[in-house]
Amino acid sequence: ADMERLVERLEKAVERLETVCQGSGMCGDASAKGVAQYVQAFDALLSGPVAEYTKISREVGGDVQKHAEMVHAGLMSERALLVVASQHQQPAENAFSELLKPISEQIQAVQNFREKNRGSKLFNHLSAVSESIPALGWVAMAPKPGPYVKEMTDAAMFYTNRILKEYKDVDKKQVDWVKAYLSIWTELQAYIKEYHTTGLTWSKTGPVATAGAKAAPAAPAGLAPPPPGPPPPPAPVSSSTDDSASRSALFAQINRGEGITSGLRHVSDDMKTHKNPALKNQGGPLRSGPKPFTAPKPACNANPSQGTSLKAPPLLELEGKKWRVENQENATNLVISDTELKQVAYVFKCTNSTLQIKGKINSITLDNCKKLGLVFDDVVGIVEIINSRDVKVQVMGKVPTISINKTDGCHVYLSKSSLDCEIVSAKSSEMNVLIPTEGGDFTEFPVPEQFKTVWNGQKLVTTVTEIAG
(Lines give C-alpha, C1' and ligand atoms only; values in the text may rest on other atoms or scores of the structure.)
Protein backbone atom coordinates (compact mmCIF):
# COMPACT_ATOMS: atom_id res chain seq x y z
CA ALA A 1 0.00 0.00 0.00
CA ASP A 2 2.86 2.39 0.88
CA MET A 3 4.57 1.65 -2.42
CA GLU A 4 1.37 2.32 -4.37
CA ARG A 5 0.97 5.69 -2.65
CA LEU A 6 4.59 6.61 -3.45
CA VAL A 7 4.13 5.70 -7.11
CA GLU A 8 0.90 7.72 -7.23
CA ARG A 9 2.65 10.76 -5.68
CA LEU A 10 5.51 10.54 -8.13
CA GLU A 11 3.15 10.24 -11.12
CA LYS A 12 1.23 13.32 -9.95
CA ALA A 13 4.50 15.26 -9.56
CA VAL A 14 5.51 14.30 -13.10
CA GLU A 15 2.10 15.36 -14.42
CA ARG A 16 2.42 18.75 -12.71
CA LEU A 17 5.91 19.23 -14.13
CA GLU A 18 4.69 18.33 -17.63
CA THR A 19 1.79 20.76 -17.28
CA VAL A 20 4.16 23.56 -16.27
CA CYS A 21 6.52 22.71 -19.13
CA GLN A 22 3.73 22.68 -21.71
CA GLY A 23 2.17 25.88 -20.38
CA SER A 24 5.39 27.89 -20.27
CA GLY A 25 7.10 26.28 -23.24
CA MET A 26 10.37 26.05 -21.30
CA CYS A 27 10.99 22.29 -21.52
CA GLY A 28 12.45 21.07 -24.77
CA ASP A 29 11.74 24.34 -26.64
CA ALA A 30 14.99 26.08 -27.43
CA SER A 31 13.17 29.19 -28.53
CA ALA A 32 11.15 29.71 -25.33
CA LYS A 33 10.73 33.38 -24.59
CA GLY A 34 11.86 34.73 -21.25
CA VAL A 35 13.85 31.62 -20.32
CA ALA A 36 17.64 31.82 -20.38
CA GLN A 37 19.44 29.46 -22.72
CA TYR A 38 21.32 27.76 -19.89
CA VAL A 39 18.03 27.12 -18.04
CA GLN A 40 16.64 25.49 -21.19
CA ALA A 41 19.79 23.34 -21.40
CA PHE A 42 19.31 22.28 -17.77
CA ASP A 43 15.69 21.36 -18.58
CA ALA A 44 17.04 19.12 -21.34
CA LEU A 45 19.18 17.36 -18.72
CA LEU A 46 16.11 16.93 -16.50
CA SER A 47 14.01 15.50 -19.32
CA GLY A 48 16.86 13.24 -20.49
CA PRO A 49 19.25 11.49 -18.05
CA VAL A 50 17.34 12.52 -14.90
CA ALA A 51 14.02 11.24 -16.28
CA GLU A 52 15.66 7.94 -17.28
CA TYR A 53 17.23 7.54 -13.82
CA THR A 54 13.88 8.30 -12.13
CA LYS A 55 12.07 5.83 -14.39
CA ILE A 56 14.48 2.96 -13.69
CA SER A 57 14.56 3.77 -9.96
CA ARG A 58 10.77 3.47 -9.94
CA GLU A 59 11.11 0.04 -11.54
CA VAL A 60 13.72 -1.05 -8.98
CA GLY A 61 11.41 0.29 -6.25
CA GLY A 62 11.93 0.32 -2.48
CA ASP A 63 14.63 2.54 -0.99
CA VAL A 64 16.08 3.29 -4.43
CA GLN A 65 12.79 4.82 -5.56
CA LYS A 66 12.48 6.95 -2.42
CA HIS A 67 16.08 8.10 -2.82
CA ALA A 68 15.45 9.04 -6.45
CA GLU A 69 12.56 11.28 -5.41
CA MET A 70 14.92 13.15 -3.07
CA VAL A 71 17.56 13.49 -5.80
CA HIS A 72 14.92 14.83 -8.20
CA ALA A 73 13.81 17.38 -5.58
CA GLY A 74 17.43 18.53 -5.20
CA LEU A 75 17.78 18.98 -8.96
CA MET A 76 14.55 20.99 -9.07
CA SER A 77 15.87 23.22 -6.27
CA GLU A 78 18.98 23.74 -8.38
CA ARG A 79 16.87 24.63 -11.41
CA ALA A 80 15.04 27.25 -9.34
CA LEU A 81 18.42 28.81 -8.43
CA LEU A 82 19.49 28.81 -12.08
CA VAL A 83 16.31 30.69 -13.01
CA VAL A 84 17.01 33.26 -10.27
CA ALA A 85 20.60 33.66 -11.52
CA SER A 86 19.37 34.18 -15.08
CA GLN A 87 17.14 37.06 -13.95
CA HIS A 88 19.27 38.72 -11.26
CA GLN A 89 22.75 40.07 -10.73
CA GLN A 90 25.10 38.27 -8.35
CA PRO A 91 24.19 38.95 -4.69
CA ALA A 92 26.32 39.47 -1.61
CA GLU A 93 27.78 36.37 0.03
CA ASN A 94 25.26 36.18 2.89
CA ALA A 95 22.31 36.49 0.49
CA PHE A 96 23.82 33.82 -1.77
CA SER A 97 24.13 31.46 1.21
CA GLU A 98 20.40 31.87 1.85
CA LEU A 99 19.62 31.10 -1.80
CA LEU A 100 21.69 27.92 -1.52
CA LYS A 101 19.84 26.61 1.54
CA PRO A 102 17.19 24.56 -0.33
CA ILE A 103 19.94 22.71 -2.22
CA SER A 104 21.99 22.15 0.95
CA GLU A 105 18.95 20.82 2.80
CA GLN A 106 18.16 18.40 -0.01
CA ILE A 107 21.77 17.14 -0.06
CA GLN A 108 21.51 16.56 3.69
CA ALA A 109 18.19 14.73 3.29
CA VAL A 110 19.70 12.34 0.71
CA GLN A 111 22.66 11.57 2.97
CA ASN A 112 20.51 11.15 6.08
CA PHE A 113 18.28 8.66 4.24
CA ARG A 114 21.30 6.49 3.54
CA GLU A 115 22.45 6.60 7.17
CA LYS A 116 18.99 5.62 8.42
CA ASN A 117 18.86 2.64 6.06
CA ARG A 118 22.26 1.02 6.48
CA GLY A 119 20.58 -2.38 6.72
CA SER A 120 18.94 -1.97 3.31
CA LYS A 121 19.47 -4.70 0.71
CA LEU A 122 20.19 -1.89 -1.75
CA PHE A 123 22.70 -0.14 0.48
CA ASN A 124 25.30 0.09 -2.30
CA HIS A 125 22.77 2.02 -4.41
CA LEU A 126 22.07 4.40 -1.52
CA SER A 127 25.78 4.85 -0.88
CA ALA A 128 26.58 5.62 -4.52
CA VAL A 129 23.98 8.40 -4.51
CA SER A 130 24.89 9.69 -1.05
CA GLU A 131 28.61 9.93 -1.84
CA SER A 132 28.07 11.85 -5.08
CA ILE A 133 25.04 14.06 -4.30
CA PRO A 134 27.28 16.92 -3.00
CA ALA A 135 27.94 17.51 -6.71
CA LEU A 136 24.80 19.68 -6.58
CA GLY A 137 26.98 22.17 -4.71
CA TRP A 138 28.85 23.07 -7.93
CA VAL A 139 26.84 26.31 -8.05
CA ALA A 140 28.95 27.57 -5.12
CA MET A 141 32.28 26.46 -6.58
CA ALA A 142 34.64 28.80 -8.42
CA PRO A 143 36.69 28.83 -10.53
CA LYS A 144 36.44 25.08 -11.33
CA PRO A 145 32.92 23.74 -10.79
CA GLY A 146 33.32 21.08 -13.51
CA PRO A 147 36.29 19.27 -11.89
CA TYR A 148 34.43 19.41 -8.57
CA VAL A 149 31.51 17.46 -10.08
CA LYS A 150 34.01 14.97 -11.55
CA GLU A 151 35.52 14.44 -8.10
CA MET A 152 32.10 13.75 -6.58
CA THR A 153 31.28 11.34 -9.42
CA ASP A 154 34.49 9.43 -8.75
CA ALA A 155 33.38 9.01 -5.13
CA ALA A 156 30.33 7.09 -6.36
CA MET A 157 32.41 4.70 -8.47
CA PHE A 158 33.46 2.61 -5.46
CA TYR A 159 29.83 1.61 -4.88
CA THR A 160 28.62 1.50 -8.49
CA ASN A 161 31.43 -0.95 -9.26
CA ARG A 162 30.11 -3.16 -6.48
CA ILE A 163 26.63 -3.03 -7.99
CA LEU A 164 27.96 -3.95 -11.43
CA LYS A 165 29.98 -6.80 -9.97
CA GLU A 166 26.97 -8.16 -8.08
CA TYR A 167 24.34 -7.82 -10.84
CA LYS A 168 26.35 -7.92 -14.08
CA ASP A 169 25.07 -11.33 -15.19
CA VAL A 170 22.03 -11.45 -12.89
CA ASP A 171 19.83 -8.36 -13.33
CA LYS A 172 20.25 -6.05 -16.33
CA LYS A 173 17.93 -3.47 -14.76
CA GLN A 174 20.48 -2.82 -12.00
CA VAL A 175 23.22 -2.30 -14.59
CA ASP A 176 20.97 0.12 -16.47
CA TRP A 177 20.35 1.97 -13.20
CA VAL A 178 24.10 2.52 -12.72
CA LYS A 179 24.49 3.81 -16.29
CA ALA A 180 21.51 6.14 -15.97
CA TYR A 181 22.64 7.57 -12.65
CA LEU A 182 26.25 8.19 -13.69
CA SER A 183 25.09 9.76 -16.96
CA ILE A 184 23.44 12.55 -14.93
CA TRP A 185 26.79 13.73 -13.62
CA THR A 186 28.55 13.16 -16.95
CA GLU A 187 25.98 15.34 -18.71
CA LEU A 188 26.14 17.90 -15.90
CA GLN A 189 29.91 18.25 -16.40
CA ALA A 190 29.37 18.92 -20.11
CA TYR A 191 26.61 21.41 -19.24
CA ILE A 192 28.86 23.29 -16.80
CA LYS A 193 31.72 23.36 -19.29
CA GLU A 194 29.47 25.05 -21.85
CA TYR A 195 27.54 27.52 -19.68
CA HIS A 196 29.29 27.95 -16.31
CA THR A 197 32.98 27.22 -16.95
CA THR A 198 34.39 29.31 -14.09
CA GLY A 199 31.33 29.43 -11.84
CA LEU A 200 27.59 30.07 -11.82
CA THR A 201 26.69 32.61 -14.51
CA TRP A 202 24.60 35.55 -13.26
CA SER A 203 22.65 38.07 -15.30
CA LYS A 204 24.40 41.37 -16.05
CA THR A 205 21.06 43.20 -15.91
CA GLY A 206 18.08 43.14 -13.60
CA PRO A 207 18.03 43.68 -9.84
CA VAL A 208 20.64 42.26 -7.48
CA ALA A 209 19.43 38.95 -6.08
CA THR A 210 18.35 38.94 -2.44
CA ALA A 211 17.86 36.15 0.09
CA GLY A 212 14.16 35.95 -0.80
CA ALA A 213 14.61 36.19 -4.58
CA LYS A 214 12.44 33.76 -6.50
CA ALA A 215 11.81 33.12 -10.14
CA ALA A 216 8.38 34.10 -11.43
CA PRO A 217 6.28 30.89 -11.48
CA ALA A 218 5.30 29.58 -14.88
CA ALA A 219 1.59 29.82 -15.65
CA PRO A 220 -0.19 26.54 -16.52
CA ALA A 221 -1.73 26.28 -19.97
CA GLY A 222 -4.86 28.38 -20.44
CA LEU A 223 -4.15 30.76 -17.55
CA ALA A 224 -2.94 34.32 -17.83
CA PRO A 225 0.60 34.91 -16.51
CA PRO A 226 0.91 36.67 -13.14
CA PRO A 227 1.35 40.46 -13.25
CA PRO A 228 4.97 41.54 -13.40
CA GLY A 229 6.61 42.74 -10.21
CA PRO A 230 7.68 46.35 -9.69
CA PRO A 231 10.60 47.41 -11.86
CA PRO A 232 14.00 47.92 -10.20
CA PRO A 233 14.60 51.47 -8.95
CA PRO A 234 16.26 53.69 -11.56
CA ALA A 235 19.93 54.43 -11.08
CA PRO A 236 20.72 57.97 -9.84
CA VAL A 237 21.25 60.30 -12.78
CA SER A 238 24.06 62.15 -11.09
CA SER A 239 26.27 59.07 -10.78
CA SER A 240 26.11 58.25 -14.51
CA THR A 241 26.71 61.90 -15.36
CA ASP A 242 29.72 62.02 -13.05
CA ASP A 243 31.09 58.82 -14.55
CA SER A 244 30.78 60.24 -18.09
CA ALA A 245 32.45 63.46 -17.04
CA SER A 246 35.29 61.58 -15.33
CA ARG A 247 35.87 59.39 -18.36
CA SER A 248 35.89 62.46 -20.66
CA ALA A 249 38.45 64.17 -18.43
CA LEU A 250 40.61 61.04 -18.34
CA PHE A 251 40.65 60.68 -22.13
CA ALA A 252 41.40 64.39 -22.47
CA GLN A 253 44.46 63.96 -20.22
CA ILE A 254 45.65 60.88 -22.15
CA ASN A 255 45.27 62.68 -25.49
CA ARG A 256 47.77 65.32 -24.35
CA GLY A 257 50.54 62.85 -25.18
CA GLU A 258 53.94 63.69 -23.71
CA GLY A 259 52.55 66.91 -22.25
CA ILE A 260 50.78 64.89 -19.61
CA THR A 261 54.01 64.82 -17.52
CA SER A 262 54.48 68.58 -17.55
CA GLY A 263 52.70 69.01 -14.22
CA LEU A 264 54.85 66.52 -12.31
CA ARG A 265 57.23 67.78 -9.64
CA HIS A 266 60.93 66.93 -9.95
CA VAL A 267 62.32 64.80 -7.10
CA SER A 268 65.98 65.46 -6.31
CA ASP A 269 68.39 62.80 -4.99
CA ASP A 270 68.28 64.15 -1.42
CA MET A 271 64.52 63.51 -1.38
CA LYS A 272 64.79 59.82 -2.44
CA THR A 273 64.67 57.29 0.43
CA HIS A 274 66.77 54.68 -1.36
CA LYS A 275 69.61 57.27 -1.69
CA ASN A 276 69.00 58.88 1.71
CA PRO A 277 68.25 56.13 4.33
CA ALA A 278 67.75 58.71 7.09
CA LEU A 279 64.42 59.67 5.51
CA LYS A 280 63.02 56.18 6.16
CA ASN A 281 62.68 56.89 9.90
CA GLN A 282 60.90 60.19 9.40
CA GLY A 283 57.23 60.78 8.96
CA GLY A 284 55.94 57.62 10.66
CA PRO A 285 55.95 54.01 9.48
CA LEU A 286 56.16 53.23 5.81
CA ARG A 287 53.06 51.96 4.08
CA SER A 288 53.09 48.29 3.25
CA GLY A 289 52.22 47.07 -0.20
CA PRO A 290 48.93 45.48 -1.14
CA LYS A 291 48.05 42.11 0.31
CA PRO A 292 48.80 39.12 -1.91
CA PHE A 293 45.89 37.70 -3.84
CA THR A 294 44.03 34.81 -2.26
CA ALA A 295 41.31 32.79 -3.93
CA PRO A 296 37.86 33.60 -2.53
CA LYS A 297 36.26 30.93 -0.42
CA PRO A 298 33.13 29.23 -1.79
CA ALA A 299 29.89 30.79 -0.63
CA CYS A 300 28.68 27.58 0.95
CA ASN A 301 29.99 24.28 2.14
CA ALA A 302 29.46 21.81 -0.72
CA ASN A 303 28.88 19.04 1.75
CA PRO A 304 26.61 20.24 4.56
CA SER A 305 27.38 17.17 6.64
CA GLN A 306 30.92 18.50 7.11
CA GLY A 307 29.84 21.98 8.24
CA THR A 308 30.40 23.36 11.71
CA SER A 309 27.77 22.34 14.21
CA LEU A 310 27.25 21.95 17.93
CA LYS A 311 29.08 19.06 19.51
CA ALA A 312 26.81 16.03 19.57
CA PRO A 313 26.58 13.88 22.73
CA PRO A 314 28.33 10.48 22.84
CA LEU A 315 26.15 7.50 22.02
CA LEU A 316 26.32 3.73 22.42
CA GLU A 317 22.95 2.05 21.95
CA LEU A 318 21.09 -0.64 20.03
CA GLU A 319 18.53 0.84 17.64
CA GLY A 320 16.51 -1.97 16.11
CA LYS A 321 19.19 -4.23 14.65
CA LYS A 322 21.88 -1.55 14.49
CA TRP A 323 24.42 -0.77 17.19
CA ARG A 324 25.17 2.96 17.07
CA VAL A 325 28.49 4.10 18.54
CA GLU A 326 28.83 7.83 17.88
CA ASN A 327 30.83 10.89 19.01
CA GLN A 328 32.93 9.00 21.56
CA GLU A 329 36.14 10.75 22.66
CA ASN A 330 38.95 9.33 24.84
CA ALA A 331 36.78 6.30 25.66
CA THR A 332 39.13 3.33 26.07
CA ASN A 333 36.74 0.66 27.36
CA LEU A 334 33.79 0.56 24.94
CA VAL A 335 32.36 -2.97 24.72
CA ILE A 336 29.42 -4.47 22.79
CA SER A 337 28.79 -7.99 24.06
CA ASP A 338 25.11 -8.90 23.63
CA THR A 339 25.23 -9.41 19.86
CA GLU A 340 23.22 -11.39 17.30
CA LEU A 341 23.96 -12.53 13.75
CA LYS A 342 21.46 -10.12 12.13
CA GLN A 343 22.87 -7.04 13.86
CA VAL A 344 25.17 -4.43 12.34
CA ALA A 345 27.46 -1.88 14.02
CA TYR A 346 27.89 1.71 12.83
CA VAL A 347 30.77 3.63 14.44
CA PHE A 348 30.70 7.34 13.62
CA LYS A 349 32.99 10.25 14.61
CA CYS A 350 34.78 8.45 17.42
CA THR A 351 38.20 9.83 18.39
CA ASN A 352 41.07 8.41 20.43
CA SER A 353 38.94 5.49 21.64
CA THR A 354 38.85 1.68 21.60
CA LEU A 355 35.87 -0.55 20.89
CA GLN A 356 35.50 -4.30 21.37
CA ILE A 357 32.64 -6.21 19.70
CA LYS A 358 32.09 -9.72 21.01
CA GLY A 359 30.25 -12.50 19.26
CA LYS A 360 29.23 -12.79 15.60
CA ILE A 361 27.43 -9.95 13.77
CA ASN A 362 26.54 -9.10 10.17
CA SER A 363 28.74 -6.07 9.41
CA ILE A 364 30.74 -3.20 10.93
CA THR A 365 31.23 0.29 9.52
CA LEU A 366 33.76 2.87 10.75
CA ASP A 367 32.95 6.35 9.42
CA ASN A 368 34.83 9.61 10.13
CA CYS A 369 36.86 8.11 12.98
CA LYS A 370 40.33 9.18 14.16
CA LYS A 371 42.81 7.22 16.26
CA LEU A 372 40.30 4.45 16.88
CA GLY A 373 41.10 0.87 17.84
CA LEU A 374 38.56 -1.83 16.91
CA VAL A 375 38.71 -5.45 18.07
CA PHE A 376 36.00 -7.89 16.97
CA ASP A 377 35.37 -11.64 16.94
CA ASP A 378 33.45 -12.62 13.78
CA VAL A 379 31.73 -10.75 10.94
CA VAL A 380 29.78 -12.67 8.30
CA GLY A 381 29.50 -9.75 5.86
CA ILE A 382 31.94 -6.86 5.53
CA VAL A 383 33.95 -4.44 7.64
CA GLU A 384 34.00 -0.98 6.05
CA ILE A 385 36.43 1.81 6.96
CA ILE A 386 35.58 5.13 5.27
CA ASN A 387 36.66 8.78 5.69
CA SER A 388 38.87 7.87 8.66
CA ARG A 389 42.43 8.41 9.86
CA ASP A 390 44.89 6.44 12.00
CA VAL A 391 42.68 3.44 12.80
CA LYS A 392 43.68 -0.04 13.92
CA VAL A 393 41.45 -3.06 13.34
CA GLN A 394 42.12 -6.51 14.83
CA VAL A 395 40.26 -9.66 13.76
CA MET A 396 40.06 -12.32 16.46
CA GLY A 397 37.92 -14.77 14.44
CA LYS A 398 36.89 -14.61 10.76
CA VAL A 399 35.83 -11.91 8.30
CA PRO A 400 35.40 -12.39 4.52
CA THR A 401 35.96 -8.78 3.35
CA ILE A 402 37.49 -5.57 4.67
CA SER A 403 36.92 -2.38 2.66
CA ILE A 404 39.14 0.70 3.13
CA ASN A 405 37.95 3.85 1.36
CA LYS A 406 39.21 7.45 1.63
CA THR A 407 41.26 6.63 4.73
CA ASP A 408 44.80 7.67 5.69
CA GLY A 409 46.61 5.38 8.10
CA CYS A 410 45.04 1.95 8.64
CA HIS A 411 46.52 -1.13 10.31
CA VAL A 412 44.66 -4.43 9.92
CA TYR A 413 45.67 -7.29 12.25
CA LEU A 414 44.47 -10.62 10.86
CA SER A 415 44.02 -13.83 12.83
CA LYS A 416 45.19 -17.22 11.56
CA SER A 417 41.62 -18.14 10.66
CA SER A 418 41.06 -14.93 8.65
CA LEU A 419 44.09 -15.09 6.34
CA ASP A 420 41.77 -15.65 3.35
CA CYS A 421 40.16 -12.24 3.97
CA GLU A 422 39.74 -10.06 0.86
CA ILE A 423 40.94 -6.46 1.39
CA VAL A 424 39.59 -3.84 -1.04
CA SER A 425 41.04 -0.31 -0.93
CA ALA A 426 40.41 2.93 -2.80
CA LYS A 427 41.64 6.53 -2.38
CA SER A 428 43.57 5.53 0.76
CA SER A 429 47.18 5.70 1.98
CA GLU A 430 49.48 4.28 4.68
CA MET A 431 47.67 0.94 4.80
CA ASN A 432 49.34 -2.07 6.41
CA VAL A 433 48.21 -5.66 6.94
CA LEU A 434 49.78 -7.56 9.83
CA ILE A 435 50.02 -11.36 9.55
CA PRO A 436 50.47 -13.53 12.69
CA THR A 437 53.62 -15.65 13.04
CA GLU A 438 54.17 -18.95 14.83
CA GLY A 439 55.79 -17.11 17.75
CA GLY A 440 52.72 -14.99 18.39
CA ASP A 441 54.14 -11.82 16.85
CA PHE A 442 52.98 -10.07 13.67
CA THR A 443 54.76 -9.43 10.39
CA GLU A 444 53.79 -6.17 8.71
CA PHE A 445 53.07 -5.89 4.98
CA PRO A 446 52.21 -2.57 3.28
CA VAL A 447 49.25 -2.38 0.90
CA PRO A 448 50.31 -0.89 -2.49
CA GLU A 449 49.22 2.69 -3.14
CA GLN A 450 50.91 3.38 -6.47
CA PHE A 451 50.24 1.59 -9.75
CA LYS A 452 51.53 1.63 -13.30
CA THR A 453 49.16 1.24 -16.26
CA VAL A 454 50.26 0.62 -19.85
CA TRP A 455 48.48 -0.17 -23.12
CA ASN A 456 49.62 -3.53 -24.53
CA GLY A 457 47.92 -3.07 -27.89
CA GLN A 458 44.65 -4.70 -26.86
CA LYS A 459 43.84 -3.59 -23.32
CA LEU A 460 45.17 -1.65 -20.33
CA VAL A 461 47.49 -3.64 -18.06
CA THR A 462 47.96 -2.40 -14.49
CA THR A 463 50.76 -3.53 -12.20
CA VAL A 464 51.96 -2.49 -8.76
CA THR A 465 54.83 0.01 -8.73
CA GLU A 466 57.55 -0.95 -6.30
CA ILE A 467 58.94 2.03 -4.39
CA ALA A 468 62.46 1.64 -3.01
CA GLY A 469 63.27 2.85 0.48
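The values are calculated or read from the model by the stated rules, or taken from the named source; none is laboratory data. Just so it is clear, the model here is predicted, and its values are computed rather than measured. Cβ sites come from the backbone with ideal geometry, for glycine too, and all protein chains shown count toward neighbours. Quick note on the areas: whole protein, heavy atoms, side chains included, nothing else; ligands and nucleic acids left out. Shrake-Rupley method; radii C 1.70, N 1.55, O 1.52, S 1.80 Å.
Note: relative contact order over segment 36-196, using C-alpha pairs below 8 Å and six or more positions apart, is 28 percent.
When the trypsin sites (Lys or Arg not before Pro) in segment 31-125 are filtered for DSSP coil states and for at most 16 other beta-carbon atoms within 10 Å of their beta-carbon, the remaining sites are Lys33, Lys121. Pairs over the 30 Å Cα-Cα cut-off, from the set Lys55/Lys459; Lys66/Lys406; Lys55/Lys321; Lys321/Lys398: Lys55/Lys459; Lys55/Lys321.
Ligands, DNA and RNA left out, the accessible area of segment 36-196 computed with a 1.4 Å probe is 52% carbon and sulfur. Solvent-accessible surface of segment 56-126, averaged per residue with a 1.4 angstrom probe and all protein chains in place: 39 square angstrom. Using the alpha-carbon positions of segment 417-469, Rg (one decimal) and Dmax (whole number) come out as 15.0, 48 Å. The ellipsoid equivalent to the alpha-carbon distribution of segment 320-376 has semi-axes of 19, 11, 8 angstrom, derived from the gyration tensor eigenvalues as √(5λ) and listed largest first.
When you restrict to C-alpha pairs under 8 Å that are six or more residues apart and normalise by the size of segment 306-443, the relative contact order lands at 14 percent. The smallest convex shape that holds all Cα atoms of segment 36-196, its convex hull, gives 99 Å³ per residue. When the trypsin sites (Lys or Arg not before Pro) in segment 424-469 are filtered for DSSP coil states and for at most 12 other beta-carbon atoms within 10 Å of their beta-carbon, the remaining sites are Lys459. For segment 75-84, the Karplus equation 6.51 cos²θ - 1.76 cosθ + 1.60, evaluated at θ = phi - 60°, returns couplings of 5, 5, 5, 5, 4, 4, 5, 4, 5, 4 Hz by residue, with Gly and Pro reported as x.
Each of Asn161, Leu45, Tyr191 was scored by the projection of its Cα onto the charge dipole of segment 36-196, and the greatest displacement toward the positive side belongs to Asn161; charges sit on the C-beta of Lys, Arg, Asp and Glu. On a per residue basis, segment 353-459 carries 50 Å² of accessible surface, using protein heavy atoms and a 1.4 Å probe.
Our Cα-only numbers for segment 315-464 put the radius of gyration and Dmax at 16.4, 57 Å. Cα centroids of segment 103-166 and segment 333-361: 26 Å apart. A probe of 1.4 angstrom, applied to the heavy atoms of all protein chains, finds Thr463 with accessible area near 60 square angstrom.
Using Cα pairs closer than 8 Å and at least 6 residues apart in sequence, work out the relative contact order for segment 360-400, in percent. Averaging sequence separation for qualifying contacts and normalising by length gives 46 percent for segment 360-400.
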